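Accompanying notes for the structure given below.
Computed from the coordinates by the stated procedures, all read-outs in this text should not be read as laboratory data. This structure is a prediction, so every number in the text was calculated from the model and none was measured. A quick note on method: Cβ atoms are made from the backbone with ideal geometry, for glycine too, and the neighbour counts reach across all protein chains shown.
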Amino acid sequence: SGKRYFISPPLSPPVPGIEGVLCLNLIGCGRDRKPNALIQVAVIDPREQYLVSHTCTEIVEVRIACSCFFYSLSHFALSNLYLFFPVKCSLCPFPRSLHPGFPMVETEEGDMDHITADVQQAQKVRTCVCVCVFFKNPICKVYRFQTVDSKWMLVREQMDECTLSFSIPRQLLNLYIQEDMRRIHDLRDLGDLSPHWDNLRKEVTSRYGQVIAAYQETLAELDKITGPSFKPSCSKAQRYLEFIPINLHTQRMRVTCPRKTDAFYDVVTVGAPAAHFQGFKGGGLRRLLGRHEAEKKSTAYQCIYYSPEHTAKAQEVLNSVGQLQPLISGLADQLLQAAQQRSAPSLREVLKTLAEKTEQFVHALKDELVKSALLALHAARPGYVTKNQTQTLPSQNPEGGPVLRQDSIPCHKEYDEEEWDRVWADVAKSLSCVIAMVDKLQEQEPVNNNQEQPISDHALADVITSHNPSGDWREQLCPLVVRLKDCVEEVVKRAKRAMTFVLLQEAACSIPQGLYLKQRRDVVFSQALAALACGFVMRLYAGMEDRGFLKQLHLVGLVAQFESLLSTYSEEIGMLEDMEVGISDLHRVAFKITQSKTDEPCDLQPVVIGRRDHYTVEVPLPPLAFQTLPDEMKEGKVLQIYPVLFNVGINEQQTIAERFGDISLQERINQRNFEILDGYYKSLNDKVPPECLPCFETQTDLKELLETLGQNVITKKRKNVEILWLAGTICRRLNGIRFTSCKSAKDRTSMSVTLEQCALLRDEHQLNKDYFIRALDCMRSRLTQGGVLCQWDSDPEAACSVAENKPASRHFYPIALLLVSSHLLVVWLILSLVFLLAKYQ
């Protein structure tokens, strides 16, 4: 009726409660039709005396069919105030008997079940903090559905934006820049090189500088962005937003039933991680990487060819020595400190750890790649080519002709091949000397400790001055420890130069295509990691009270199942190839739980550390929540993630691909990821008891589900969506994280999510099968104020535009498909005519 109701806030801290507003004599939108009520909530600032839009309900649709009511309450947060003062609006027809708790649930007889207004009363502090920090701008819908026993269930959908859409890519860009700057510094530390190698170094350094400049420019543009916390699909081709995932949203369905405890089902929706700005004319990452590797082998580059395995090994050696050297140096200092304190137990404990880390250090460097790279680097020094022209590496031709590529690493007699063996063997010898000295000092300790009888002052003075001064242990150990540290430093210096030279060859052979592919891979990985971090945080906070889930998390890890609906036709093949590589690269990601300093939002943001070959995402928890974790997680144990991807195209383009194209890419992806999922289940079955897994109404055995999935994966069947159903069911049964993707996370994604939600209501909460289709239609549509039926979940951008009081954008799709043949055109004309006649009739 357009009335305004002013409710004064209490002076004391707010508590959960209900404010009732009764609306009578509302005018309906049409003949014989119930009115659609719209609630708008505003906050007045007493100092400024103006209203600030706080939140609103877009529409409440009431459909009366038999005795079943469908309530569709959509909720929009219009300001940041919602994060601190949430408002929940619940509407119902007044003439019905109401319960003072929650008016949306009743039995057929009119007696209310005991479902109180504070469903999950004033949620736990950690959950509230998580919602405020990571998720914003919620859009809610509430329904009431009838069960098979004529009871009522309450279903609440909530879709949120995730702030990690931008924060994770920003952190990755900073890490990319730092890593490339370190690479440039390492290249300069190679020292003097012959003109040929020096020119290659300059070219590679210049390319790295261009990449750094581009990333810095992108980062500066991202820092200027304000507004929504997601990238709409209309911006997927913008250069500065290419690292941001498309339409990253979280969706939670909470179900309240009279006969069952509350349950919730989460899913993360995101556009396919792909380099949309760079395009797909040449295919996606999988095809481009394979083609590039073949070209490196067949083309005469001016460098030494190293296989991808050698390059990966070189990077692994660099990471190992980079991590172990500071540890060894720190342990050596602790050893000296224990010697100064004359603490034999501490001395033994520190020495044991030092010996283990030094052994790992020596083992990491005991590789033929390091020795051969040192030989190649020695041959690249200035003046070396004049010693024996016939055995040199490629050098500049006196006639100015092209320089030929070497297919194998040269071996030169002028260089002492045993020198490297002696260098890293000195580390082991130095450690042996330290161990021997510690043993000698410990042998003296019992003798000194047993002298409990009093001795004369003269005898004590003789002992102190002649044999056992106060700093004797430290003085005897210090030269040996210093020598150990010097040997380690020398080995690191040589190994680092050798491995940097290997990486120089890889970069030189890849110019310029290789760096372009690296940038493309960075873009795809950034989108995939942002989605994974969002899903992990959501799953972690949801399972904080589940001890079985926490046990599974630190013993085995979590499976992250990506459901893709891309077709294997046209440019979506390139998207799928990008997505395959991006999801596969997530195997290089691990998570670690840390304790935040405070409960402030800035201290609860996930932090990404590491480099391209391995990243760790540290997720801070509030102190109170952190104390409830298992000891292993509180001690900093790394949590593993097992990403799997299953793809089944479902649109009309997939029909063309299956009839006239090639679907081998989809088949290979499904088969490979099924093996990963099956391996995860076997590991979980060995380490985690079955009672740690969630219970479902459907009692199908997990092993049987996996066998059925394996059969469907190898079965030749068109649009076999059973693969997606089975993979999603197995993921939920395994406490996993669910992702659903298509090109832009709109139409196909929303159809899949809503269908899955209705299937869960039917299978797990006994939704009346007669109302399955009605419930599905209700979830997929909403009635606007003008009476136009349009999609809700299909376009988060449309929902955002509604929240901003803007009209939803319309999408027009090309009909180039109809030109495939004249037969399709005739069929289209006939169907269009039938549709128009039915519509106007």
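Points to keep in mind about this one:
- For the stretch 541-556, backbone phi angles converted through the Karplus equation (6.51, -1.76, 1.60; θ = phi - 60°) give residue-by-residue couplings of 5, 6, x, 5, 9, 9, 5, x, 5, 5, 5, 4, 4, 8, 7, 10 Hz, Gly and Pro being listed as x.
- Panel order for HIS587, HIS554, by other beta carbons found within 10 Å of each beta carbon, from fewest to most: HIS587, HIS554.
- Fraction of alpha-carbon pairs over 19 Å apart in the stretch 706-778 - percent: 47 percent
- Intensity falloff of the stretch 592-673 expressed as log10 I(q)/I(0), Debye formula with alpha-carbon point scatterers, at q = 0.11 Å⁻¹: -0.56
- As a proxy for reagent exposure, ranking TRP420, TRP197 by other Cβ atoms within 10 Å from fewest up yields TRP420, TRP197.
- Cα gyration tensor, the stretch 527-623 - rounded (a/c under 1.5), prolate or oblate: prolate
- Pairs exceeding 19 Å between alpha-carbon atoms, taken from LYS352/LYS429; LYS682/LYS716; LYS231/LYS592; LYS236/LYS281; LYS141/LYS231; LYS136/LYS592: LYS682/LYS716; LYS231/LYS592; LYS141/LYS231; LYS136/LYS592.
- For the stretch 685-757, averaging the sequence separation of C-alpha pairs within contact (under 8 Å, six or more residues apart) and dividing by the residue count gives a relative contact order of 28 percent.
- Candidate lysines for bridging to LYS769, where Cα separation is under 21 Å - those fewer than 8 sequence places away on the same chain excluded: LYS151, LYS260
- In plain terms, the chain from CYS234 to LYS637 could stretch by 141.0 nm, reckoned as 0.36 nm per residue minus the Cα-Cα distance.
- Distance-filtered residues of the stretch 319-338 - backbone nitrogen under 11 Å, label point 7 angstrom along THR353 Cα→Cβ: 327-328, 330-335
- Proxy reagent accessibility, fewest Cβ within 10 Å first, across ARG201, ARG182, ARG588: ARG182, ARG588, ARG201
- Nonlocal amide H pairs with GLN595, under 5 Å, H built at 1.01 Å: LEU621
- In this label model, LYS769 and ALA428 are separated by 7.1 nm, measuring between points 7 Å along each Cα→Cβ vector.
- Couplings 3J(HN,Hα) of the stretch 654-659, computed from phi: 5, 4, 5, 4, 6, 8 Hz, in residue order, whole Hz [Karplus 6.51 cos²θ - 1.76 cosθ + 1.60, θ = phi - 60°; x for Gly and Pro].
- Projecting the Cα positions of GLY322, CYS303, GLN341 onto the charge dipole of the stretch 301-367 (unit charges on Cβ atoms of Lys, Arg, Asp and Glu, taken about the Cα centre) puts GLN341 furthest along the positive direction.
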